[in-house]
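Data first, discussion second: the structure below is written as structure tokens.
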Amino acid sequence: MPLVPLEQVRDEILRAVSVLEPIEVPLADAHGLVLAEAVSTSEDVPPFANTAMDGYAVRACDTSGASTDAPVSLKVVGELPAGRAPDRVVGPGEAIRIMTGAPIPEGADAIVMVERTRIEEGVGSAVLVEVEAKPGDHVRPAGGDLTQGQQVFPAGAVLSGAHLGVLASVGASTVQVHPRPKVGVLSTGDELVEAGPPGSSAPSLGPGQIRDSNRPMLLAIARESGFEPIDLGVARDDEASIVATLEDAFARCDAVLTSGGVSVGDYDYVKAALERLGRLEWRQVAIKPAKPLAFGVVSDTPVFGLPGNPVSSLVSFELFARPAILKLAGHEHTLRPEVTARAAHDFARKPDGKVHLDRVHVQWERDSYVATSTGRQESNVLSATASANGFALIPDGDGIREGESVQVMLLS
Ligand code: AMP
Ligand code: MG
């Protein structure tokens, strides 16, 4: 079986999956989702001209020549807090005390900020203006942010908290988006022991048994990626039970992640199960870790047969499953960003036809990113991977020397 380059396998997978059909969701559920159609506004934002400052609404011409030494006295004829409609016009020689966000009253064409005024002593309801105002000073016009009929966001926008704020400001209560993919996560292996119910002490391990670490990890990173994780539990090394679990999963998941059982061992039943269920692509990817990968689309649901070793599972999720599921969710940009970093030490390796993905911590130091290994790099040593925020891509060859440039895929 030839080794296939990472990019080729990823492209094949990305081509094999399609974007989920749009649905309408309430704004409150749309965070992180991708807009399926452009949104336009039927309202101006802000809806009316209002003041950007606490101060006095005035007729600019009344303040002509005003200065600290020669202030102009205006009669204060009312008060306008935010949320109240003006009930009187500002006439010549008059001012209205006004608070940020309140509508500009008729007659006024400028705001003098309160810091540039004094209360006139001994004179009831008069204000001394110490600055000449120009028409429009501190006035936020109606539609100054968005105007009625304007496109607010195009299809494809990824909805952040600020996007939701803008959509709320134009009165959108629902949006057309691609749904949040439901991602089933299944562990496989006779050796796996499941954690007990929350709060209970961990079940003891029998001979040959280990604890299931992939499922909690994959459920969490699926959620972190903006997907809805669905716990499919642990399947034993038995083709029929894996098939049954997967068949049930296809009915309620948009994508399925399995771990284990895709290597060349005698008990690697995930591969066999996927073969039985439909189209299976099995690849030996030219990378280390995470060489074996099973992939298939069954009943329109992509299934990613990730390797069992926890580090390999994580790497395979990042390289193949995450981008493909982001595509399901309608994302245009599905790949993690990369930076060029300086190697903090030698990254030693031997030629083997593979790209090595060393787990590193990368940080900005003075004038460049610096990449430092997070520790042991064996595919079963998950503890050293937990603090990584990047994968250093060490090309085939003899490695990278301290101080040389290394390409790093950022994980956050
Ligand atoms: P496999 O590909 O099924 O042969 O698994 C490869 C290695 O990963 C074996 O050492 C398994 O015990 C281990 N492994 C498989 N699944 C898990 C899991 N869910 N959690 C921790 N280790 C696992
Ligand atoms: Mg196994």
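The values are calculated or read from the model by the stated rules, or taken from the named source; none is laboratory data. Just so it is clear, the model here is predicted, and its values are computed rather than measured. Glycine gets a Cβ as well: all are built from the backbone with ideal geometry, and neighbour counts include every protein chain shown. Side chains included, ligands, DNA and RNA excluded: accessible areas come from the protein's heavy atoms. Shrake-Rupley method; radii C 1.70, N 1.55, O 1.52, S 1.80 Å.
Things to note:
- Filtered residues of the range 360-405 (kept if within 14 Å of residue 345 (Cβ to Cβ) and either of a type in the set (A, V, I, L, M, F, W, C) or in contact with a Phe, Trp or Tyr (Cβ under 9 Å, 6 or more places away or on another chain) (or both)): 360, 362, 370, 371, 373, 392, 394, 399, 400, 401, 402, 404
- Flag if residue 303 is open to solvent by less than 40 Å² (accessible area, probe 1.4 Å), out of contact with any His (no Cβ under 6 Å at 6 or more places or on another chain), aliphatic (A, V, I, L, M) and not assigned by TED's automatic domain parsing to the domain that holds residue 16: no
Quick grid of which residues meet (1) open to solvent by less than 40 Å² (accessible area, probe 1.4 Å); (2) outside any loop (DSSP other than H, G, I, E, B):
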site: 7; (1), (2): no, yes
site: 14; (1), (2): yes, yes
site: 42; (1), (2): no, no
site: 57; (1), (2): yes, yes
site: 65; (1), (2): no, no
site: 77; (1), (2): yes, yes
site: 86; (1), (2): no, no
site: 101; (1), (2): yes, no
site: 111; (1), (2): yes, yes
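- Segments classed as strands (runs of 3 or more DSSP E), wholly inside the range 301-392, with at least 1 members that are over 28 Å from residue 278 (Cα atoms) and under 22 Å from the mean Cα position of the chain (by Cα): 338-343, 355-365
- Odd one out for residue 297 among (1) buried (at least 24 other Cβ atoms within 10 Å of the Cβ); (2) away from ligand 1 (no atom under 15 Å from the Cβ); (3) in contact (Cβ under 8 Å) with a residue 60 or more places away in the chain; (4) of a type in the set (A, V, I, L, M): (1)
- The range 269-294 - residue that is of a type in the set (A, V, I, L, M) and within 23 Å of residue 390 (Cβ to Cβ) and, of those, surrounded by the fewest Cβ atoms within 10 Å (Cβ to Cβ): 286
- Scan of the range 232-270 for residues that are touching a residue at least 60 places away in the same chain (Cβ under 8 Å) and within 11 Å of ligand 2 (Cβ to nearest atom), ordered by number: 258, 259, 260, 261, 267, 269, 270
- The listed residue being in contact with a strand residue (DSSP E or B) (Cβ under 9 Å, 6 or more places away or on another chain) and more than 11 Å from ligand 1 (Cβ to nearest atom), out of 272, 244: 244
- When 159, 146 are checked against the criterion of being away from ligand 1 (no atom under 16 Å from the Cβ), under 26 Å from residue 98 (Cα atoms), touching a strand residue (DSSP E or B) at 6+ places or on another chain (Cβ under 7 Å) and open to solvent by less than 60 Å² (accessible area, probe 1.4 Å), a single residue qualifies: 146.
- Of the residues making up the range 248-268, just one is open to solvent by less than 70 Å² (accessible area, probe 1.4 Å), modelled with pLDDT under 95 and more than 9 Å from ligand 1 (Cβ to nearest atom), namely 250.
- Filtered by the rule that a residue be within 16 Å of ligand 2 (Cβ to nearest atom), touching a residue at least 24 places away in the same chain (Cβ under 8 Å), within 12 Å of residue 194 (Cβ to Cβ) and outside any loop (DSSP other than H, G, I, E, B), the range 205-231 gives 214, 215.
- Check on residue 236, surrounded by 13 or more Cβ atoms within 10 Å (Cβ to Cβ), in the same structural domain as residue 309 (by TED's automatic domain parsing) and near ligand 1 (Cβ under 10 Å from one of its atoms): no
- Which listed residue is touching a residue at least 12 places away in the same chain (Cβ under 8 Å) and either within 16 Å of ligand 2 (Cβ to nearest atom) or in the same structural domain as residue 227 (by TED's automatic domain parsing) (or both), from 343, 324: 324
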